[in-house]
1. Quick check for region 129-235: number of Lys pairs with alpha-carbon distance under 24 Å, counting only pairs 8 or more apart or on different chains?
2. Can you tell which of Asn99, Asn17, Asn275 shows the greatest fluctuation in a Gaussian network model of the chain with Cα springs below 10 Å?
3. Treating the chain as a set of equal point scatterers at the Cα positions, no solvent, please give the Debye-formula log₁₀ I(q)/I(0) at q = 0.10, 0.12, 0.13 Å⁻¹.
4. Per residue, what accessible area does the chain have, given a 1.4 Å probe and all protein chains present, in Å²?
5. In square nanometres and to one decimal, what's the mean projected area of the convex hull around the Cα atoms of region 116-172?
6. Treating cross-link reach as a plain straight distance, find the lysines whose alpha-carbon is under 24 Å from the alpha-carbon of Lys304, omitting any fewer than eight places away in the same chain.
7. Can you pull out the trypsin sites (Lys or Arg not before Pro) in region 244-288 whose DSSP state is coil and whose Cβ has at most 14 other Cβ atoms within 10 Å?
8. Could you list which residues have their amide H under 5 Å from that of Leu25, counting only those 5 or more apart in sequence or on another chain, with H placed in the peptide plane?
Amino acid sequence: MSEKLAIETQDLTKRYNGAAVVDCLNLHIRENEVFGLLGPNGAGKTTTILMLLGLTEPASGTARVCGFNPTREPLQVKRLVGYLPEKVGFYEDLTARENLKFIAELNNISYAEIDGRIDEVLEMVGLTEAEIMETGPNQQKEKTVGKFSRGMKQRLGIADVLIKRPKVLFLDEPTSGLDPKGINQLLDLIAGLPKTGTTVVLSSHQLYQVQRVCHSIGILSKGKIVIEGAIDQLGREALAGGRYRIEVETVSPDAKLIDVIRKIKGVRDVSVQENLLLINTDADLRAKISKAVVQHDFPLIQMKVQQFSLDDIYMKYFKES
């Protein structure tokens, strides 16, 4: 994954009536990753996004989005980014294609490309011909968007922001109103966007969804960044102080085996719970540990790295804040 930054802020601050709603925010979001922006209502997530879009000015501090300052160069930023708010609005008396054609024209997409782009984004978001068409008395015609379900409108909203192939995409609770199948389809789509050159900033309360698609996260509390980093690393820190915790199941492990494992470079400590060895390490040492177990004639029944959930990370750092 590229280490070049798509978004960078330095001491970004926004005040309303003298109170800081975003307070000295420093974010570092790499190109071609999905970044989760987390925090409770009122934490400053939406205000942060609006400043990055150039839709509201900071009181102090700076931001760079795709190399541009959103305050001083808002048009350059708007050409390169897409934004899907939590509540999506359309011209409901127009069809999906008519809505998308209008947006494509606003973004100066050439007429020769528009129809192909519309077909592309409708397929990407899973809006099928069967869904957007209706059968009349004498012919089949496209439905107007006013007849769409909430989930269909949400998928059309994604298509709407994808049609200009943005370099950065901001999504605010994008799975709202979708059924489980629709949620899975949309998460698969989001997870694949970095491969097409789009960086995604996902604001969501659904932690399991964030963990499924995001590479890194930032947690906001009262306008301040509590923690920022790669999910895997933050998960290890939340569980075991930055280390891996490897669990090995065997039969009656003895002191000799434990001593051999302790001498493996990178092993911090080993504890025993009946037939389980609980091993804290500085790296993923499963290959060396399994070799040691087998070479000392112990059965290797099961081995795994202890799993964590984003809830572990969120609760640890949010409570500390």
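The values are calculated or read from the model by the stated rules, or taken from the named source; none is laboratory data. This structure is a prediction, so every number in the text was calculated from the model and none was measured. Neighbour counts are summed over all protein chains in view; Cβ atoms, including those assigned to glycine, are modelled from backbone coordinates with ideal geometry. What goes into the accessible areas is simple: the full protein's heavy atoms, side chains included, and nothing from ligands, DNA or RNA. Shrake-Rupley method; radii C 1.70, N 1.55, O 1.52, S 1.80 Å.
1. 11
2. Among Asn99, Asn17, Asn275, the largest mean-square fluctuation in the Gaussian network model of the chain belongs to Asn17.
3. Scattering profile of the chain, log10 relative to I(0): -0.70, -0.88, -0.97.
4. Numbers: 16380 Å² over 321 residues.
Computed with neighbouring chains in place, this is 51 Å² per residue.
5. Details: hull surface 18.4 nm².
Average projection, Cα convex hull of region 116-172: 4.6 nm².
6. Hits, sequence-local ones excluded: Lys256, Lys263, Lys265, Lys288, Lys291, Lys316.
7. On the way: sites: Arg245, Lys256, Arg262, Lys263, Lys265, Arg268, Arg286, Lys288; in loops: Lys263, Lys265.
Sparse-neighbourhood loop trypsin sites (Lys or Arg not before Pro): Lys263, Lys265.
8. It is Asp11, Leu12, Thr13, by chain and number.
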